[in-house]
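Engineer: Would you mind keeping the following structure in view while I ask a few things?
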């Protein structure tokens, strides 16, 4: 089965700077990778999906990269704002015939004014 | 509806009791997923429906857990003989197709006392 590593320690970033979050996975390379945002007491919210043949994807202030050689995805938030503070989850297809996603534990991002 | 609706939002039950958790997905979404999330962890896959059928139930922890989706829309997750270890947030998600981003509900927080 797939294993995902995300930085479990909270990431503190000053407002206006770029926040970079890391997602590393083991085992096979997935066909795609997804990023979600989760606020306390709420379900995750889908942000971006990047496919294995895409090196980079952007959406407004968000940018995701996907390096299948390093088995790593980077998630960037540019011009960060306090409202970006949340937990960010990386998710990959579970593989092995299973249809669900395997989620990482998430990284708690804190943007300080 | 506009989003995925889960009821109840909170459920406290005694050990050994039976509980049902309901999920009303986005209209037209054929794929429906149940996940379980414990504090500080990412969502853990339980079961996936494509239409009315359970296409993948490999994540159900044991035979006390069962889910149905009789008409291809609303789904119910059923837990028999609840144990304290079942306490978690149960999340439901739907998507228009496999491989697309999920829309999650806000979850049902189950507490077994």
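Engineer: Ordered by packing density, taken as the mean number of other Cβ atoms within 10 Å over each peptide's residues, highest first, how do B:101-107, B:43-49, A:74-80, A:10-16 rank?
Structural biologist: Averaged packing, sorted descending, gives the order B:43-49, B:101-107, A:74-80, A:10-16.
Engineer: What's the percent breakdown of Cα-Cα distances in the protein assembly as shown across 10 Å bins, shortest bin first?
Structural biologist: Histogram of Cα-Cα distances, whole percents per bin: 8, 33, 35, 19, 5, 0.
Engineer: Across peptide B:98-106, what mean number of C-beta atoms from other chains lies inside 10 Å of a residue's C-beta?
Structural biologist: 6
Engineer: Right, here's the next one. Just need the relative contact order of region A:46-107 here, percent rounded to a whole number, with Cα pairs under 8 Å and 6+ apart.
Structural biologist: That works out to 19 percent.
Engineer: If you don't mind, another one. Please work out the C-alpha center-to-center distance from region B:48-107 to region A:15-62 and express it in whole Å.
Structural biologist: Taking the Cα centre of each part, region B:48-107 and region A:15-62 sit 24 Å apart.
Engineer: Divide, for region B:48-113, the radius of gyration over alpha carbons by 2.2 N^0.38 Å, where N is the residue count.
Structural biologist: This ratio for region B:48-113 stands at 1.18.
Engineer: Using Cα-only point scatterers and the Debye equation, what is log10 of I(q)/I(0) for region B:14-59 at each q in 0.29, 0.33 Å⁻¹, rounded to two decimals?
Structural biologist: Cα-only, vacuum Debye calculation for region B:14-59: -1.10, -1.15.
Engineer: Arranged by the count of other C-beta atoms within 10 angstrom, fewest first, what order do A:59, A:105 take?
Structural biologist: A:59, A:105
Engineer: Tell me the relative contact order for chain A as a rounded percent, counting alpha carbon contacts under 8 Å between residues six or more apart.
Structural biologist: 37
Engineer: How high is the relative contact order of region B:1-105, in percent, with contacts defined as C-alpha pairs under 8 Å that are six or more residues apart?
Structural biologist: In percent, rounded to a whole number, it is 34.
Engineer: Let's test the formula: R0 of 22 Å, r as the Cβ-Cβ distance of residue A:10 and residue A:59. What FRET efficiency results, to the nearest 0.05? Walk me through the numbers on the way to the answer.
Structural biologist: Working: r = 24 Å, r/R0 = 1.09.
The pair residue A:10/residue A:59 has a calculated efficiency of 0.40.
Engineer: Could you tell me the extents of region A:1-63's C-alpha atoms along the three principal axes, largest first, rounded to whole Å?
Structural biologist: The Cα atoms of region A:1-63 stretch 36, 24, 21 Å along their principal axes.
Engineer: For chain A, what is the convex hull volume of the alpha-carbon atoms per residue, in Å³? Could you put the intermediate results ahead of the total?
Structural biologist: Numbers: hull volume 10.9 nm³, N = 113.
Enclosed volume per residue, from the Cα hull, is 96 Å³.
Engineer: Under 1.5 on a/c is rounded, so check that first for chain B, then, if it is not, pick prolate when a/b is larger than b/c and oblate when it is not; a ≥ b ≥ c are the square roots of the alpha carbon gyration tensor eigenvalues.
Structural biologist: It is prolate, given that a/c is not under 1.5 and a/b is the larger ratio.
No value in this document is a laboratory result; all are computed from the given coordinates. Only a predicted model underlies this, so the values are computations on that prediction, with no experimental measurement involved. With ideal geometry, Cβ positions are generated from the backbone for all residues, glycine too; neighbour counts draw on all protein chains shown.
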